[in-house]
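Chemist: Here you go, one structure.
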Amino acid sequence: MDSPRLSRRLLRSVLPALALALATAGLAGTGGPSSAGAAPMSKAAATATTTFSDEFDGAAGSAVDGSKWQIETGDNVNNHERQYYTSGNKNAALDGQGHLVITARKENPSNYQCWYGTCQYTSARLNTSGKFTQAYGHVEARMKIPRGQGMWPAFWMLGSDIGQVGWPNSGEIDIMENVGFEPSTVHGTLHGPGYSGSGGIGAGYTLPNGQAFADAFHTFAVDWAPNSITWSVDGNVYQRRTPADTNGNAWAFNKPFFLILNLAVGGYWPGDPDGSTAFPNQLVVDHVRVTTNDSQPPATGGRITGLAGKCVDVAAAATANGTPVQLYDCNGTDAQKWTVGSDGTIRALGKCLDVASGGTADGTKVQLWDCNGSAAQKWAVSGARDIVNPQANKCLDVTGNNSANGTRLQIWTCAGTANQKWTVNG
């Protein structure tokens, strides 16, 4: 694609929620009963902790759950798309059978105006900005995509800092895109600084024997970890990307992102509908699920060293909830043996590194606490040696840049300073 899919008008509707997302960056997860007839979660996520789930259970004609999704409105000049995204349940509604149906129609019931004049089509676009963001994990949607020239369904993510840094510096992870003239192929793509638009980094996945994606439900997923993203369709991995693929440009994906679902009509990439395109046309979504990574931490840990070569240490090797975590001379004791798991936790003495009371403010102290799967216990270790709590979007920090034994550790706005740099198993 040649330009970001966030139009000027859509930005006006998204940015207020983005401000909230930047303030909270929270992991808001709830799960309802499985949709009738829904496929089980794919193997990659089967043993992981669910942080977000929408099974789209509800009465036919109902709008989506407003605690999980917001509905964007407007057109999109950047890609020369033809649709106007409407509010409420006009073009996005539950079908009463455990599905969300996003419907594109050739109509203009309210004299909507688009970049090209009077709009010719309506459709819908949903996102979780300000309601759910997450860094890393398994992200999947089970969907049946539409058929026809000019149709452009997508399941994708944007960095929650887009309101601060703009696109493409925010990063964009396209989990699934399809353009109607390729009925058997979907695409997964990364966009970031120096590799955006038509220069995005990605690959396609094609069904065998001429099958079309519109004929059945398929599960589209990414498995996302620090410095790597892997795409799959129905559990079949078809590409993996790391910072080595960005040709020296910044890797924009070690931070929280939010989810987006939409069905566009027309645009530079898919081209416009023609006489062969049937309307109304539908994207049917069975579920959207986000989990932590499913790999279990190793049984033994190692030290985490930081300022002045000292270690992250559990005070007095105590295991009581609330025990301070501090900086101390490295001594090889169990109080300094930490396991960094792909589930996002950092553990010692059988408990988790925890942000006190789930706080997000600068100066909130960290402690040892029973592992409970909360956002206060999720951490991301970056290639730049930062240890980040995605909920707060802040770094593990030595208070006051003080290397004395017993100095408490806290979270603080990431600044790249020596008291925020850590070497795991160092």
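Please treat every number below as a calculation from the coordinates, not as lab data. Fair warning: this is a prediction, and the values are worked out from it, not measured in the lab. Don't worry about glycine lacking a Cβ; one is built from the backbone with ideal geometry, like all the others, and counts go over all protein chains shown.
Chemist: Is there a quick way to get the dipole size of the stretch 67-149? I mean about its Cα centre, with the Cβ of Lys and Arg at +1 and of Asp and Glu at -1; what is the value in debye to the nearest 20?
Modeler: Charge dipole, the stretch 67-149, about its Cα centre: 180 debye, nearest 20.
Chemist: Any chance you could tell me what percent of the C-alpha pair distances in the stretch 82-154 go past 17 Å? Show your work: numbers first, answer last.
Modeler: Working: 1464 of 2628 pairs.
Everything past 17 Å amounts to 56 percent.
Chemist: Can you put Arg147, Arg142 in order, fewest other beta carbons within 10 Å first? Could you put the intermediate results ahead of the total?
Modeler: Values: Arg147 18, Arg142 24.
By the 10 Å Cβ count, ascending, the order reads Arg147, Arg142.
Chemist: Holding the Cα-Cα limit at 18 Å, pick out from Lys131/Lys255; Lys90/Lys144; Lys394/Lys421; Lys106/Lys144 the pairs that are longer than that.
Modeler: On the way: Lys131/Lys255 16 Å; Lys90/Lys144 20 Å; Lys394/Lys421 13 Å; Lys106/Lys144 20 Å.
From the list (Lys131/Lys255; Lys90/Lys144; Lys394/Lys421; Lys106/Lys144), the Cα-Cα distance tops 18 Å for Lys90/Lys144; Lys106/Lys144.
Chemist: While we're looking at this one, here's another question. How high is the relative contact order of the chain, in percent, with contacts defined as C-alpha pairs under 8 Å that are six or more residues apart? Numbers along the way, then the final one.
Modeler: Working: 1186 pairs, mean separation 72.8, N = 426.
Relative contact order of the chain: 17 percent.
Chemist: With a sphere of radius 11 Å drawn around the Cβ of Gln282, what net charge do the other residues whose Cβ falls strictly inside it have (Lys, Arg +1; Asp, Glu -1)?
Modeler: Numbers: positive: Arg105, Lys144, Arg147; negative: Asp95.
Local charge sum for Gln282: +2.
Chemist: For the stretch 149-228, what mean projected area does the convex hull of the alpha carbons give, in nm²?
Modeler: Working: hull surface 25.2 nm².
Orientation-averaged projected area of the Cα hull: 6.3 nm².
Chemist: Quick one: helix 8-24 against the long Cα principal axis of the chain, what's the angle to the nearest 10°, folded into 0 to 90?
Modeler: Orientation of helix 8-24: about 20 degrees from the principal axis.
Chemist: Show me 329-335, 377-383 ranked by packing, highest mean number of other Cβ atoms within 10 Å first. Can you show the working numbers first?
Modeler: Details: 329-335: 13.4, 377-383: 20.3.
The most tightly packed comes first, giving 377-383, 329-335.
Chemist: Moving on to the next point. Ala348: net charge of surrounding residues, Cβ under 12 Å, Lys/Arg +1, Asp/Glu -1, itself excluded? Please report the intermediate quantities before stating the final value.
Modeler: On the way: positive: Arg303, Lys337, Arg347, Lys351; negative: Asp313, Asp334, Asp354.
Cβ neighbours under 12 Å give a net charge of +1.
Chemist: With N denoting the number of residues in the chain, provide Rg(C-alpha) divided by 2.2 N^0.38 Å, to two decimal places. Can you show the working numbers first?
Modeler: Numbers: Rg = 22.6 Å, N = 426, 2.2 N^0.38 = 22.0 Å.
Expressed relative to 2.2 N^0.38 Å, the Cα Rg reads 1.03.
Chemist: Continuing with this model, one more query. Would you calculate a helix-derived [θ] at 222 nm for the chain, using -39,500 (n - 2.57) for each DSSP H run of n ≥ 4 and dividing by the full residue count, to the nearest 500? Each step should come with its number before you reach the end.
Modeler: Numbers: 2 runs with 21 residues, N = 426.
Value at 222 nm, helices only: -1500 deg cm²/dmol.
Chemist: Using a Förster distance of 35 angstrom, determine the FRET efficiency expected from the C-beta separation of Tyr116 and Asp95, and round it to 0.05. Numbers along the way, then the final one.
Modeler: Working: r = 31 Å, r/R0 = 0.90.
Taking R0 as 35 Å, the efficiency between Tyr116 and Asp95 is 0.65.
Chemist: Using a 10 angstrom cutoff on alpha carbons, build the Gaussian network for the chain and name the most mobile of Val139, Val186, Val165.
Modeler: Val165
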